[in-house]
Amino acid sequence: MREAITNKCDLLIENWKLIHKGFWLENGNLAAIAAATFAEKDKTADVEKLKECQKILKKKEGIFSEFRGNSELIVCSKMALSDDPERYLEDVTGVYAKFQKGKFWESNYRALAAMTICDVGKTSEADAIIEKTNEILKGMNKAHPFLTSDEDTCFAVLLAMTDKKTEDILEELEEAYQNLKKKFTLHDNAVYSLAQVLTSYAGNAQDKADKAIAVFDAFAAAGAKYGKGYELASLGTLIGLNAAPEDIASEVSETADYLKGNKGFGSFDMGKATRLMFGTMMVAGDNSDENYKVGASVISGAVARVVAEQTAMLVAIIAASTTSATTSSSN
């Protein structure tokens, strides 16, 4: 494993320990996402600042806010990493309010989409991005009403931030989906999410689908099957790496194995598919080696980090929500 990846993993592990100690009641996977948020910025988690940001969040947002609950620690992490936590929260909630215009139900996924817009520095362009996001979702729903849901907002917003026209996005998205579904039968929802990620990158739809499938097969050949659930979308972040599929799979697998030996990432803490997803996040977000540099992307190299982080957030939040629902049911 490359030294840069080892160092990034060590920082992730250390951050998890710090956050878990300071927020021991939080779901372990959510703590891992918060830890990764700091690690991606090469920062050590500042627990005191996290707690200060939590106080600000609780003061500004009610208990039923989509920025509280399962999203709370993630939002606080992003606030803590910003130069002005209060301003970051104001920007994010302001963008979310624009997403909510005309909507009756609150949405955790639109909240994540709002954070994405702010995280890539496009807050001032929010109105145009949201309008385009809604157009894309409308087109997706028309083509696949049973596959399109509120969850797709998270990836549709990435597509909206590209320079591609809406009709071109929808055409390429459909081509990518059709190319992928033959490989991943009975996993249409996950495949559609992966197709959205691939479409956010530059290049030919067929070539990108072929690369994603080749990387997936390389994982299987290495004895490390990649998840076909929500995690599948994160596989798309690896197609931008200028490396052979078998080298990519080997690097990610080795990274996941390295994480496995540590508290917070072991067999009792998360499943193999989720751990591989974290390995993907570490590798996709690293540009220290020329052979692994992220290739041309419509949204620049930031897309790999954003998609990997966003996918991980989705998995963690869904897992936490499922656990909460199960606990409530048993009680």
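A few notes on this one:
- Entry remark, the stretch 161-171: residues being surrounded by 20 or more Cβ atoms within 10 Å (Cβ to Cβ) and modelled with pLDDT of 95 or more number 2 in total.
- For K132, the criteria (1) surrounded by fewer than 21 Cβ atoms within 10 Å (Cβ to Cβ); (2) of a type in the set (K, R); (3) over 19 Å from the mean Cα position of the chain (by Cα) hold in every case but one, which is (1).
- The single condition among (1) over 19 Å from the mean Cα position of the chain (by Cα); (2) at pLDDT below 95; (3) surrounded by fewer than 16 Cβ atoms within 10 Å (Cβ to Cβ); (4) of a type in the set (D, E, K, R) that R2 does not satisfy is (3).
- In the stretch 182-195, the residues that are charged (D, E, K, R) and either under 10 Å from L147 (Cβ atoms) or touching a residue at least 12 places away in the same chain (Cβ under 8 Å) (or both): K183, D188
- Listing of helices (runs of 4 or more DSSP H) fully contained in the stretch 4-115 that carry 2 or more residues being farther than 30 Å from N134 by Cα and in contact with a His (Cβ under 9 Å, 6 or more places away or on another chain): 28-39
- Residue within the stretch 240-258 that is farther than 18 Å from I5 by Cβ and β-branched (V, I, T) present: no
Condition check ((1) in contact with a Ser or Thr (Cβ under 6 Å, 6 or more places away or on another chain); (2) outside any loop (DSSP other than H, G, I, E, B); (3) modelled with pLDDT under 90; (4) hydrophobic (A, V, I, L, M, F, W, C)) across all residues:
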position: I239; (1), (2), (3), (4): no, yes, yes, yes
position: A249; (1), (2), (3), (4): no, yes, no, yes
position: E254; (1), (2), (3), (4): no, yes, no, no
position: F265; (1), (2), (3), (4): no, no, no, yes
position: N291; (1), (2), (3), (4): no, yes, yes, no
position: E309; (1), (2), (3), (4): no, yes, yes, no
position: M313; (1), (2), (3), (4): no, yes, yes, yes
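- Number of positions in the stretch 185-213 that are over 18 Å from I248 (Cβ atoms) and aromatic (F, W, Y): 1
The values are calculated or read from the model by the stated rules, or taken from the named source; none is laboratory data. Treat the numbers as computed from the prediction; the structure is a model and nothing was measured. So basically every Cβ, Gly included, is an ideal-geometry build from the backbone, and we count neighbours across all protein chains shown.
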